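Take a look at the structure set out below.
The values are calculated or read from the model by the stated rules, or taken from the named source; none is laboratory data. It should be emphasised that the depicted structure is a prediction, and the values quoted were computed from it without experimental measurement. FYI the Cβ positions are ideal-geometry reconstructions off the backbone, even for glycines, and counts take in every protein chain you see. Each accessible area value is taken on the protein alone, full model and side chains, heavy atoms only, with ligands, DNA and RNA left out. Shrake-Rupley method; radii C 1.70, N 1.55, O 1.52, S 1.80 Å.
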Amino acid sequence: MARATLIGFSAVAMWALLALMTAASGQVPPFQLSAITFAVGTGVGLAARAASPAFRRHEKVPPVVWLVGIGGLFGYHFLYFTALRNAPAVEASLIAYLWPLLIVLGSALMPGERLGWHHITGACLGLLGTFLIITKGGGFTFDSRYALGYAAAGGCALFWSGYSLLSRRFQAVPTSIVTWFCAATAILSAFCHLALEETVWPANAGEWLAVLGLGLLPVGAAFYAWDYGVKHGNIQVLGAASYAAPLLSTLILIAAGQAEPAASILAACLLITGGAALAAKNMIFRRKPAVAGDAAA
């Protein structure tokens, strides 16, 4: 389980690159960018199928899995873009980032899972750290004029936490199925782009590299890693540790010279790291079973 949890957390690390790569991709509209990057993500899955016999294994996939998978990937991104179009980014991001907390709380309803006080406390500390990052230590206000955007952001949190938790119920379905989830999301995003946006292509080689990088890592490999992690790893730990994504993203932007360091970042670092460690305390401090020879000694 620890290995699967680490694989799942690698998705969080890859998502931390999202802001930097998106900024480097130029003026490509959101749905067009989603269509391109999910097409690249489909290619990641097809390459894995060609290279690994295990990735090609076939399982009977219940129809509900298609609904959960495509609804999770496309639904989340559709609602997220809708939220950013109809509400200020700070408030929309804060509401959308309720999904790790919802995963931790919702895991109590999953068969064989036990929710402890340390899982809830760890997730809440992570949420507080995310609040500091997004607001930069300042405040925020909710305005009824942006009700549609707030509702869409709340839908983001529900869709992604629901996708993650329901994926856990279908552990027998291989991760290779994510290939087709990405393909469907690319097609649906392309339709939304044609209906809602003007086409703007990357202007130079650097922007094309950023777009391809998005497709290979945060939108490609990350979704395969997350699927494997939530199916076979510790879902409470993954939920709480997911609050590391905005922290790592901010640190990467600071290192790249695109954001300024602030005292609130240090406080957020302590809160998120402490929260993740608390949520994972049973894994970190797990006692090894006694060996017969040791007992005899």
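Given the condition more than 30 Å from Ala267 (Cβ to Cβ) and within 17 Å of the chain's Cα centre (by Cα), answer yes or no: does some residue in region 182-191 qualify?
Yes, there is a match, as at least one residue in region 182-191 is more than 30 Å from Ala267 (Cβ to Cβ) and within 17 Å of the chain's Cα centre (by Cα).
Residue by residue, here is whether (1) of a type in the set (S, T, N, Q); (2) within 29 Å of Pro202 (Cα to Cα) holds:
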site: Thr37; (1), (2): yes, yes
site: Thr42; (1), (2): yes, yes
site: Val68; (1), (2): no, no
site: Tyr76; (1), (2): no, yes
site: Tyr80; (1), (2): no, yes
site: Ala96; (1), (2): no, yes
site: Ser107; (1), (2): yes, no
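Only residues that are open to solvent by 10 Å² or more (accessible area, probe 1.4 Å) and of a type in the set (Gly, Ala, Ser): list them for region 243-256, please.
Selection gives Ala244, Ser249, Ala255, Ala256.
Taking Gln236 as the residue in question, decide whether it is of a type outside the set (A, V, I, L, M) and closer than 28 Å to Val90 by Cβ.
Criteria met by Gln236.
Of the residues that sit in region 240-280 and are touching a helix residue (DSSP H, G or I) at 6+ places or on another chain (Cβ under 7 Å), within 16 Å of Met21 (Cβ to Cβ) and assigned to a loop (DSSP other than H, G, I, E, B), which one is modelled with the highest pLDDT?
So, considering only residues that are touching a helix residue (DSSP H, G or I) at 6+ places or on another chain (Cβ under 7 Å), within 16 Å of Met21 (Cβ to Cβ) and assigned to a loop (DSSP other than H, G, I, E, B), the one modelled with the highest pLDDT is Ala256.
Take the conditions open to solvent by 40 Å² or more (accessible area, probe 1.4 Å) and without any contact (Cβ under 8 Å) to a residue 40 or more places away in the chain and apply them to Leu105. Does it pass?
yes
Please determine whether any residue of region 192-199 is surrounded by 18 or more Cβ atoms within 10 Å (Cβ to Cβ), in contact (Cβ under 8 Å) with a residue 12 or more places away in the chain and within 18 Å of the chain's Cα centre (by Cα).
No - not one qualifying residue is present in region 192-199.
Going by what's in this entry, would Pro111 be described as in contact with an Asp or Glu (Cβ under 6 Å, 6 or more places away or on another chain) and either open to solvent by less than 20 Å² (accessible area, probe 1.4 Å) or farther than 28 Å from Leu214 by Cβ (or both)?
no
Can you tell me which of Ala259, Ala268, Ala240 is more than 15 Å from the chain's Cα centre (by Cα) and open to solvent by less than 10 Å² (accessible area, probe 1.4 Å)?
Result: Ala268 is the single residue among Ala259, Ala268, Ala240 that is more than 15 Å from the chain's Cα centre (by Cα) and open to solvent by less than 10 Å² (accessible area, probe 1.4 Å).
With the structure loaded, tell me whether Ala186 is touching a residue at least 24 places away in the same chain (Cβ under 8 Å), closer than 19 Å to Ala19 by Cβ, open to solvent by less than 30 Å² (accessible area, probe 1.4 Å) and not charged (D, E, K, R) or whether it fails that test.
Against the criterion (touching a residue at least 24 places away in the same chain (Cβ under 8 Å), closer than 19 Å to Ala19 by Cβ, open to solvent by less than 30 Å² (accessible area, probe 1.4 Å) and not charged (D, E, K, R)), Ala186 does not qualify.
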